[in-house]
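Structure record follows, encoded as structure tokens.
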Amino acid sequence: MYSYGGRTRAPADQPLPTRIGGFGGVSGLADYIRREGITHVIDATHPFAAEMSRNAVEACAETGTPLIALERAPWTKAPGDDWIEVVDVHAAVAALPNAPANVFLAIGRQHIAPFAAKSQHSYTLRFVDPPEAPLLFAADVIVSRGPFTLDGELEMLRTRGIAWIVARNSGGDGARAKIDAARMLGLPVVMISRPQLPERLRVESVTEVMQWLGHRTCLGA
């Protein structure tokens, strides 16, 4: 969130005010917007943070606050890609074969539980931090933070004998290397599509956001 002309804007020589944690749904977010004098809202959440994005749309409509979404473009299929496009995690589980296989789940820890339904597979997971609780199925966990390189992803997929990849279509460059590596190795990718969100103003660059705010000179324009 960005407060333009509101009470939460920090002086130019100080860090921007930061809030960590939830707002308490639509009503809590609307109350926060009113209380803090927020005049513009930028939704720069992850493309799969659907609940927060929906709450922002409703709270901004309720308070009459302009909203813009900064959302990186999704990945698109390139020649040689073998994608099975599905609508959600449960459909991704169903798309995996029944015969045991080595599967790389590149979807984040909050979405792995449904894969316990196909525990015959040997799963490789990659998290930024070690899991705090036992997993619901046996898996090999890699603790690492991106961005990841193409050479690194190729080595990881090869040495672990990965036969399937499950990924969310997050877009961007930081996590794309696994998709390029899958194409080079001829591996199928179960690609989870982005959630459907309410209609809202959406752009793909910070420059466009700044122009929307009227800060054209901030980036040397």
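Here are a few things to note about the model shown:
- Any hit, the range 31-38, residues being more than 21 Å from the chain's Cα centre (by Cα), more than 20 Å from Arg200 (Cα to Cα) and among the aromatic types (Phe, Trp, Tyr): yes
- Within the range 27-53, the set of residues being part of a helix (DSSP H, G or I) and surrounded by fewer than 17 Cβ atoms within 10 Å (Cβ to Cβ) comprises Ser27, Gly28, Asp31, Arg34, Arg35, Glu36, Ala50, Glu51, Met52.
- The residues of the range 98-129 that are under 20 Å from the mean Cα position of the chain (by Cα) and of a type outside the set (A, V, I, L, M, F, W, C), listed by number, are Gly108, Arg109, Gln110, His111, Pro114, Thr124, Arg126, Asp129.
- Residue within the range 185-193 that is part of a helix (DSSP H, G or I) and more than 17 Å from the chain's Cα centre (by Cα) present: yes
- Identity of the residue in the range 57-72, out of contact with any Ser or Thr (no Cβ under 8 Å at 6 or more places or on another chain) and not in a strand (DSSP E or B), that ends up surrounded by the fewest Cβ atoms within 10 Å (Cβ to Cβ): Gly64
- Of all residues in the range 153-177 being more than 30 Å from Asn55 (Cβ to Cβ) and either among the hydrophobic types (A, V, I, L, M, F, W, C) or modelled with pLDDT under 95 (or both), the one that is surrounded by the most Cβ atoms within 10 Å (Cβ to Cβ): Ile165
- Taking the range 138-180 as the range and being among the acidic types (Asp, Glu) and over 19 Å from Gln120 (Cα atoms) as the test, the residues that pass are Asp151, Glu153, Glu155, Asp173, Asp180.
- Flag if Phe148 is touching a His at 6+ places or on another chain (Cβ under 9 Å) and part of a loop (DSSP other than H, G, I, E, B): no
- Pick from the range 87-126, criterion part of a loop (DSSP other than H, G, I, E, B) and touching a Leu at 6+ places or on another chain (Cβ under 8 Å), ranking: modelled with the lowest pLDDT: Ile112
- Count of residues meeting criterion [among the aliphatic types (A, V, I, L, M), touching a helix residue (DSSP H, G or I) at 6+ places or on another chain (Cβ under 7 Å) and more than 15 Å from Val93 (Cα to Cα)] in the range 116-160: 3
- Filter result for Thr149 (out of contact with any Asp or Glu (no Cβ under 8 Å at 6 or more places or on another chain), within 20 Å of Ala73 (Cα to Cα), modelled with pLDDT of 85 or more and of a type in the set (Val, Ile, Thr)): yes
The values are calculated or read from the model by the stated rules, or taken from the named source; none is laboratory data. The shown structure was predicted, so the numbers you read here are calculated from the model rather than taken from an experiment. All Cβ positions, glycine included, derive from the backbone under ideal geometry; neighbour counts span all protein chains shown.
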